[in-house]
Amino acid sequence: MAIDRRDFLKQASAGAGLLALGGCASGGMRTNWPAEGSFAIGAGSPDVVVVGAGSFGAWTAWHLRQLGASVLVLDAYGPANARATSADETRGVRTSYGDRPHGEQWMRWAQQAIRRWQEWDDTVGREQGTRLFFTTGDVIARPDWENFTTTTRTLFQKNGIAHESVSTADAQRRWPAINFEGLNAILYERDAGVVRARAAIHSVMSAYRNAGGRYATARIEPLVNASGRIEAVRTTDGTVVRGGMFVVATGPWLYKTLPDVLANRIRTPVGVAHYIGTPPGDARFTHPNLPSWNIGPSTGWPALDEDSTGFRLRIGGGPVGDPDTSERLSTPQQNERARQLLAQRFPALRDMPILRTHACHYEGTPSRNFIIDRHPGTENVWIAGGGNAEAFKSGPVIGEYVARRVLGKSVDETLAEGFMIPKDQFDPTPPAAAPFDDA
């Protein structure tokens, strides 16, 4: 059952005498953590408190409930809120990761996730009356065969990913809305697709709550100098929330939630997506008539009738910023880059209007891999994040993996080392922009 804000505060007031927990570090960050006997939200302490209701947090909470754990989810601004990484209208789901050192593992998870998204639509989605996943296929096109395309093709073959190597002439014939001039290395992944991202987070959280999971809108104070075993966390309004285990899955806020551990291990560039109006009466740019595409530094996909937000494209990465305070406005320079891409590769859209833009922070790590690891020195706190612009697509699989690790159940042990908190750190001075492939 859900806990709304009024009930949350009402229940919190019952434990007001237990909220004086000691001094603060500079900037008001608490250094002493609640001891045994502190106030708990709801009837009894949950087995697991998940902090963050984005892709990592929502899917982890869902799987924890499926495994029998009692769970409370906290999120500072609400599931799929406008500041969240997971809040865009759509996200691409592909398996092409020939450019990553851990690309084969990501490929396998994304392959599993495609089946999970389809199964979700067939079961939970049908009950909710919603559809999240749309099979589009995905076209990768480059001027010549290079490491990304050749390695991706090799991994496709090794892992049984349905694909084709397509000639330029054949690609132009099959997808005439795209200008393939000068693109001689073309791969087509048949089963790739697009997910309605914001709707997906709401769908998962709704299913989680219907399964007995609890939720409250609240922000926890940073965990500073946490060690040993913590019994509770404190929200910024002073409420103490107890739990058996804690999963910190705060996306681009990870470095703020865990400053001791992740201050220079999470980088938060802003990515901007453009949604372009399609020509009236022209269905070439609408699903199912066009695949998603990855051409040079740009990615995108067709408009979906379900949301009618337009043809979607994204070009490169933007400046690093603070997810609490950054303004999510597309710049004239970014709009011009989008126009140039349309003119070059989608000429029929060159003069069509930009209907909307959406900006979000991604979470880069020095390892370029996810972080799924225990908080160092704290036995009952887990970290789940660092999506590197690619975690959303594998959310159904990632969430199960995190949930099983938190509960001490069997997982593929060979993956744990790759998900450890990176030893390397970023330069404290961020670059003007950080390039990421699109999610």
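Where in the stretch 1-116 are the strands (runs of 3 or more DSSP E), entirely inside, with at least 2 residues that are modelled with pLDDT of 50 or more and farther than 30 Å from residue 152 by Cα? Let's see the steps before the verdict.
On the way: elements: 48-51, 71-75, 90-93.
Answer list for the stretch 1-116: 48-51, 71-75.
Out of all the residues in the stretch 125-178, which are outside the structural domain of residue 290 (by TED's automatic domain parsing) and assigned to a helix (DSSP H, G or I)?
Hits for the stretch 125-178 are 125, 126, 127, 128.
Scanning the stretch 45-79 for residues that are surrounded by fewer than 24 Cβ atoms within 10 Å (Cβ to Cβ) and among the small types (Gly, Ala, Ser), which turns out farthest from residue 162 (Cα to Cα)?
45
So in the stretch 384-423, with the set limited to residues that are β-branched (Val, Ile, Thr) and either surrounded by 15 or more Cβ atoms within 10 Å (Cβ to Cβ) or closer than 30 Å to residue 314 by Cβ (or both), which one is modelled with the lowest pLDDT? Steps first, please.
As a first pass, look at the stretch 384-423 and keep what is β-branched (Val, Ile, Thr): 397-398, 402, 406, 411, 414, 421.
Imposing the further condition that a residue be either surrounded by 15 or more Cβ atoms within 10 Å (Cβ to Cβ) or closer than 30 Å to residue 314 by Cβ (or both) reduces the set to 397-398, 402, 406, 411, 421.
On the way: 397: 98, 398: 98, 402: 98, 406: 98, 411: 94, 421: 98.
Within the stretch 384-423, the match that is modelled with the lowest pLDDT is 411.
In the list 380, 388, 335, which residue meets the criterion of being free of Cβ contacts under 8 Å to residues at least 60 places away in the same chain and either in contact with a strand residue (DSSP E or B) (Cβ under 8 Å, 6 or more places away or on another chain) or not assigned by TED's automatic domain parsing to the domain that holds residue 65 (or both)?
Working: 380 fails: free of Cβ contacts under 8 Å to residues at least 60 places away in the same chain; 335 fails: free of Cβ contacts under 8 Å to residues at least 60 places away in the same chain.
From the options 380, 388, 335, the qualifying one is 388.
Scan the stretch 153-173 for residues that are closer than 20 Å to residue 115 by Cβ and either among the hydroxyl-bearing types (Ser, Thr, Tyr) or surrounded by fewer than 15 Cβ atoms within 10 Å (Cβ to Cβ) (or both) and jot them down.
Within the stretch 153-173, the first condition is being closer than 20 Å to residue 115 by Cβ, and the residues that meet it are 155-163.
Scanning the stretch 153-173 gives 157, 158, 159, 160, 162.
Quickly run through the stretch 156-175 and pick out the residues that are in contact with a Lys or Arg (Cβ under 8 Å, 6 or more places away or on another chain) and within 15 Å of residue 138 (Cα to Cα).
Taking the stretch 156-175 first, the residues in contact with a Lys or Arg (Cβ under 8 Å, 6 or more places away or on another chain) are 159, 162-166.
Across the stretch 156-175, the qualifying residues are 162, 163, 164, 165, 166.
Which one of 348, 359, 338 is of a type in the set (A, V, I, L, M) and farther than 23 Å from residue 269 by Cβ? Please lay out each step first, then the result.
Numbers: 359 fails: farther than 23 Å from residue 269 by Cβ; 338 fails: farther than 23 Å from residue 269 by Cβ.
The match here is 348.
State yes or no: is residue 366 of a type outside the set (Ser, Thr, Tyr), touching an Asp or Glu at 6+ places or on another chain (Cβ under 6 Å) and in contact (Cβ under 8 Å) with a residue 60 or more places away in the chain? Before the answer, list the steps.
On the way: of a type outside the set (Ser, Thr, Tyr): yes; touching an Asp or Glu at 6+ places or on another chain (Cβ under 6 Å): yes; in contact (Cβ under 8 Å) with a residue 60 or more places away in the chain: yes.
The answer is yes for residue 366.
From the list 403, 389, 348, 343, which one is aliphatic (A, V, I, L, M) and on the phi > 0 side of the Ramachandran plot? It would help to see each step written out before you state the result.
On the way: 403 fails: on the phi > 0 side of the Ramachandran plot; 348 fails: on the phi > 0 side of the Ramachandran plot; 343 fails: on the phi > 0 side of the Ramachandran plot.
Going through 403, 389, 348, 343 in turn, the sole match is 389.
Quick one: which of 282, 324, 237, 260 is in contact with a Lys or Arg (Cβ under 8 Å, 6 or more places away or on another chain), touching a residue at least 24 places away in the same chain (Cβ under 8 Å) and acidic (Asp, Glu)?
The match here is 324.
Just one of (1) out of contact with any helix residue (DSSP H, G or I) (no Cβ under 6 Å at 6 or more places or on another chain); (2) among the aromatic types (Phe, Trp, Tyr); (3) surrounded by 22 or more Cβ atoms within 10 Å (Cβ to Cβ) trips up residue 180, so point out which.
It fails just one condition, (1).
Considering only the stretch 46-76, state which residues are of a type in the set (Ser, Thr, Tyr) and either in contact with a helix residue (DSSP H, G or I) (Cβ under 8 Å, 6 or more places away or on another chain) or within 21 Å of residue 203 (Cβ to Cβ) (or both).
Those that are of a type in the set (Ser, Thr, Tyr) and either in contact with a helix residue (DSSP H, G or I) (Cβ under 8 Å, 6 or more places away or on another chain) or within 21 Å of residue 203 (Cβ to Cβ) (or both): 55, 60.
Which of the residues belonging to the stretch 201-232 are in contact with a Ser or Thr (Cβ under 8 Å, 6 or more places away or on another chain), part of a loop (DSSP other than H, G, I, E, B) and hydrophobic (A, V, I, L, M, F, W, C)?
218, 223, 224, 226, 230
Looking at the stretch 126-152 only, could you name the residues that are surrounded by fewer than 17 Cβ atoms within 10 Å (Cβ to Cβ) and hydrophobic (A, V, I, L, M, F, W, C)?
Matches in the stretch 126-152: 145 only.
Select from the stretch 297-337 the residues that are crowded, with 23+ Cβ neighbours inside 10 Å and among the charged types (D, E, K, R) and write down the one among them that is farthest from residue 200 (Cα to Cα).
The extreme case among them is 314.
Every residue in the stretch 352-367 that is modelled with pLDDT under 95 and either more than 24 Å from the chain's Cα centre (by Cα) or assigned to a loop (DSSP other than H, G, I, E, B) (or both), please.
362
Kindly provide the set of residues from the stretch 269-296 that are over 21 Å from residue 173 (Cα atoms) and in contact with a Leu (Cβ under 9 Å, 6 or more places away or on another chain), ordered by number.
Matches in the stretch 269-296: 272, 273, 274, 275, 276, 277.
I need the full set of residues from the stretch 286-295 which are surrounded by fewer than 21 Cβ atoms within 10 Å (Cβ to Cβ) and either assigned by TED's automatic domain parsing to the domain that holds residue 393 or in contact with a strand residue (DSSP E or B) (Cβ under 7 Å, 6 or more places away or on another chain) (or both), in order please. Give the derivation first.
We begin by selecting, within the stretch 286-295, every residue surrounded by fewer than 21 Cβ atoms within 10 Å (Cβ to Cβ); these are 286-289.
Within the stretch 286-295, 286, 287 meet the criteria.
The values are calculated or read from the model by the stated rules, or taken from the named source; none is laboratory data. The structure displayed is predicted, hence computed values, not measured ones. Ideal geometry is used to build each Cβ from the backbone, glycine not excepted, and the neighbour counts take in all protein chains shown.
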